[in-house]
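The values are calculated or read from the model by the stated rules, or taken from the named source; none is laboratory data. Treat the numbers as computed from the prediction; the structure is a model and nothing was measured. Heads up, the Cβs are rebuilt from the backbone with ideal geometry, glycines too, and the neighbour counts pull from every protein chain shown. Heads up: the accessible areas ignore ligands, DNA and RNA and are worked out on the full protein's heavy atoms, side chains in. Shrake-Rupley method; radii C 1.70, N 1.55, O 1.52, S 1.80 Å.
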Amino acid sequence: MCGIIAYHGPRNATEIIVKGLKTLEYRGYDSWGVAIKNNDKDFTIKKIVGKITESTDVDGMPKSNIGIGHTRWATHGGVSEKNSHPHLSNSGKIAVVHNGIIENYQEQRDFLIKQGFKFESETDTEIIPNTIEYHMNRGYDFIDAAKRSLNHINGQFAIVVMHSQHNQIVAIRKEAPLVIGVGKKEFFIASDIPAFLDYTKQVIFLEENDLAIIDNEDLSIFNFKENLVVNRKTTSIDWDAEQAKKGDFDHYLMKEISEQADVISKVVSLPAKQIKDIANEIREAQGIFFVACGTSAHSCMNGMYLFSKTAKTHVNFCVASEFEYFTHFLNKKSLVIAISQSGETADTLAAIRVAKERGAKVISIVNVMGSSIMRASHKTILQGAGPEICVLSTKAYTSQIAILSLIAHELAGQQEEGRSKLKELIRYIYYLTSKAMRDHIKELSERLRYTQHIYLIGRGLQHPTALEAALKIKEVSYIHAEAYAGGELKHGTIALIDKGTPCIVFTSDRTEKEIMSNASELKARGAYIIGVGPKNNELFDFYIKVREAEDLNSICQIIPMQILAYQLALLRGCDPDKPRNLAKSVTVK
Ligand code: F6R
């Protein structure tokens, strides 16, 4: 949520920042802006409402070695130029970009107004440069003033600050992501690694309460909670710059859907020892809880079914934002398994915090190395799915299910069998994303493009698949889609089924009898039935064949649905990579 990029070094900062913002746009695209430090010691500011386009170039913007940029997902204050970042202090000498929430901003704003400061925007951010300026007016230098300001600001934030008359950049991390890219005599600061992956793979993950100072070729880090200078190690990232680009694809969404065979082969090569170790933790725990949000929550639901059937292990599942209401059961023997692509989701982090306060152990499955969730966990399995840039989660989802299936098999003493099943699936996944499949689904998307409602049902493992398929359709095509466990629709929602209402029915060998009887109930009300599964049926008006893969049906059956969502978005003129109102990495509660 909101993307930050800053540069300090010998290259043209403007170019690097604009390019970085294009890469980071999945974090928010209400507006964007840059502040470039001019040689004559002021800033050139550019702020634009809307997405940064591929064609935005840096012509007309000054060349400089220092600058900051921001792409915004609006929280405090509407979408407007004046609310866009960077925000300046009253004197115009201090520029700030910010991701997160300042909880006491109203109080601090009132205080600053009493001191004679004026505010132009409706944002919480604007108090930051002015609080720093307030301290500078009282005689503190830039760095000390930035440090002192932190005593007046509460909340979760990542902040980057620069001063028009200093060559330093200050970066502050408190419960919102911020990484430093270390190049040769140059530094990059960003919310996410892909923003600078073209230039360096050497990164420093700032820890909570770190304040980093980049002063020409030097970097120093001060932890403001511990009140001491700290050393943070540099890590080499194995992501490739190309992985974060669209390549031959028109959109990241289709690129990432197509990468799922490779992503599953990454899971296949996870060390057996690591899976064993996690399974042992699960065996030893008394009370296991899955927590996550959105698509990752659907992975948890898959995990619940997989653990129950394959591993005969009971797990509880709770969406992360509701977890705090169930914590009475947590103790030192509990185990919380948190799942997150980004590793930065605020609700999931909050659930982890509550679990740790009660002494529970936390294991996470995350895709982003060095992320907050990874660092807050006692142990982590890294998904290795590579950067997921599209706002919709696709490849991270199937990789999470594959990992959960491996763990479930290990719990049942069958890790190798679990691995073989995944391996066997890889070739089939290539087929599921092939042109033949895409063409077939295109026919369906043409039939559904003007529909207003779609209902989806599935039983057992097909229930989370139905939920996830509905989420994909909703978020990218804006068609209302609602999913139910097969048996549930008749308890109320069937009242909405009318002649021609599209209903997607997920089947499997295990659930066929019962789900087909639910399908007949819909057909009797005139529904247009779309079947997804191993066997065709006379009830189906449209059929997508997906071969039986038992426990791994969830991986196979979701892929055609991801493609359907993509094609519906295209036909309805929606942006497949950046759906309205959304942002990748939801870093606010
Ligand atoms: C949907 C989607 C979101 C995320 C959710 C959790 O396509 O991407 O629902 O799954 O915001 O994000 P992570 O997995 O990063 O914690």
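Here are some notes:
- Figure legend. Inter-residue proximity from segment 407-436: first residues in the same structural domain as Glu256 (by TED's automatic domain parsing), second residues open to solvent by 60 Å² or more (accessible area, probe 1.4 Å) and not in a helix (DSSP H, G or I), beta-carbon distance below 6 Å, spacing 6+ or different chains. No pairs are indicated.
- Every residue from segment 346-370 that is within 11 Å of Val291 (Cα to Cα) and open to solvent by 10 Å² or more (accessible area, probe 1.4 Å): Asp347, Leu349, Ala350
- One residue from Ile544, Ile559 being within 30 Å of Ala408 (Cα to Cα) and in contact with a strand residue (DSSP E or B) (Cβ under 6 Å, 6 or more places away or on another chain): Ile544
- Residue in segment 421-438 that is touching a Pro at 6+ places or on another chain (Cβ under 9 Å) and of a type in the set (A, V, I, L, M, F, W, C) present: yes
- Flag for Arg232 being away from the ligand (no atom under 16 Å from the Cβ), open to solvent by 40 Å² or more (accessible area, probe 1.4 Å), at pLDDT 95 or above and touching a strand residue (DSSP E or B) at 6+ places or on another chain (Cβ under 7 Å): yes
- Search result, residues across segment 36-47 that are acidic (Asp, Glu) and part of a strand (DSSP E or B): none
- If the condition is being open to solvent by 10 Å² or more (accessible area, probe 1.4 Å), farther than 25 Å from Leu471 by Cα and among the aliphatic types (A, V, I, L, M), then segment 378-418 contributes Leu411, Ala412.
- Those residues of segment 536-548 which are open to solvent by 20 Å² or more (accessible area, probe 1.4 Å) and more than 21 Å from Lys523 (Cα to Cα), in sequence order: Arg547, Glu548
- Taking every residue in segment 483-503 that is in the same structural domain as Leu448 (by TED's automatic domain parsing) and pairing it with any residue that is assigned to a loop (DSSP other than H, G, I, E, B) and among the basic types (Lys, Arg), at least 6 positions away or on another chain, the pairs with Cβ-Cβ distances below 9 Å are Ala485/Arg459; Gly486/Arg459; Gly487/Arg459; Ile494/Arg525; Ile497/Arg525; Asp498/Arg525; Lys499/Arg525; Thr501/Arg525.
- Top-ranked residue of segment 152-167 - restricted to ones that are without any contact (Cβ under 8 Å) to a residue 60 or more places away in the chain and under 30 Å from Tyr199 (Cα atoms), ranked as most open to solvent (accessible area, probe 1.4 Å): His166
- For Met374: the one exception among (1) open to solvent by less than 10 Å² (accessible area, probe 1.4 Å); (2) under 18 Å from the mean Cα position of the chain (by Cα): (1)
- Only a single item in (1) acidic (Asp, Glu); (2) surrounded by 14 or more Cβ atoms within 10 Å (Cβ to Cβ); (3) under 30 Å from Met561 (Cβ atoms) is not met by Asp248, and it is number (2).
- Near pairs, Cβ below 6 angstrom, 6+ apart or cross-chain, from segment 253-281 (under 15 Å from Arg427 (Cα atoms) and assigned by TED's automatic domain parsing to the domain that holds Leu406) to any residue that is open to solvent by 20 Å² or more (accessible area, probe 1.4 Å) and among the basic types (Lys, Arg): Val268/Arg419; Val268/Lys423
- Selection within segment 57-73 - farther than 15 Å from Asp575 by Cβ and either in contact with a helix residue (DSSP H, G or I) (Cβ under 6 Å, 6 or more places away or on another chain) or at pLDDT 95 or above (or both): Val58, Met61, Ser64, Asn65, Ile66, Gly67, Ile68, Gly69, His70
- For the criterion of being more than 17 Å from Met374 (Cα to Cα), outside any loop (DSSP other than H, G, I, E, B) and under 15 Å from the mean Cα position of the chain (by Cα), His328 fails.
- Taken as a whole, the structure leaves Lys37 outside the set of residues that are surrounded by fewer than 20 Cβ atoms within 10 Å (Cβ to Cβ) and among the charged types (D, E, K, R).
- In segment 345-361, the residue that is farthest from Leu330 (Cα to Cα) out of those that are away from the ligand (no atom under 14 Å from the Cβ) and among the hydrophobic types (A, V, I, L, M, F, W, C) is Val354.
- Residues located in segment 390-403, provided they are in contact with a strand residue (DSSP E or B) (Cβ under 8 Å, 6 or more places away or on another chain) and more than 11 Å from the ligand (Cβ to nearest atom): Ile403
- Residue match in segment 311-322 (condition: touching a residue at least 40 places away in the same chain (Cβ under 8 Å), farther than 23 Å from Ala408 by Cβ, charged (D, E, K, R) and not assigned by TED's automatic domain parsing to the domain that holds Leu564): no
- Only one of Ala146, Ala190 that is in contact (Cβ under 8 Å) with a residue 12 or more places away in the chain, touching a helix residue (DSSP H, G or I) at 6+ places or on another chain (Cβ under 8 Å), among the hydrophobic types (A, V, I, L, M, F, W, C) and more than 24 Å from Leu349 (Cβ to Cβ): Ala146
- Lys225 being charged (D, E, K, R) and open to solvent by 50 Å² or more (accessible area, probe 1.4 Å): yes
- Test: residue in segment 332-340 that is in contact (Cβ under 8 Å) with a residue 60 or more places away in the chain and open to solvent by 10 Å² or more (accessible area, probe 1.4 Å): no
- When we screen Asn536, Asn553 for residues that are away from the ligand (no atom under 16 Å from the Cβ) and in contact (Cβ under 8 Å) with a residue 60 or more places away in the chain, the only hit is Asn553.
- Criterion: of a type outside the set (Lys, Arg), within 16 Å of the ligand (Cβ to nearest atom) and under 27 Å from the mean Cα position of the chain (by Cα) - qualifying residue of Leu406, Leu467: Leu467
- Residue list for segment 3-37, filter: polar (S, T, N, Q) and under 23 Å from Ile172 (Cα atoms): Thr14, Thr23, Ser31
- Counting the residues of segment 541-550 that are more than 21 Å from Glu259 (Cα to Cα) and either under 26 Å from the mean Cα position of the chain (by Cα) or without any contact (Cβ under 8 Å) to a residue 40 or more places away in the chain (or both) gives 2.
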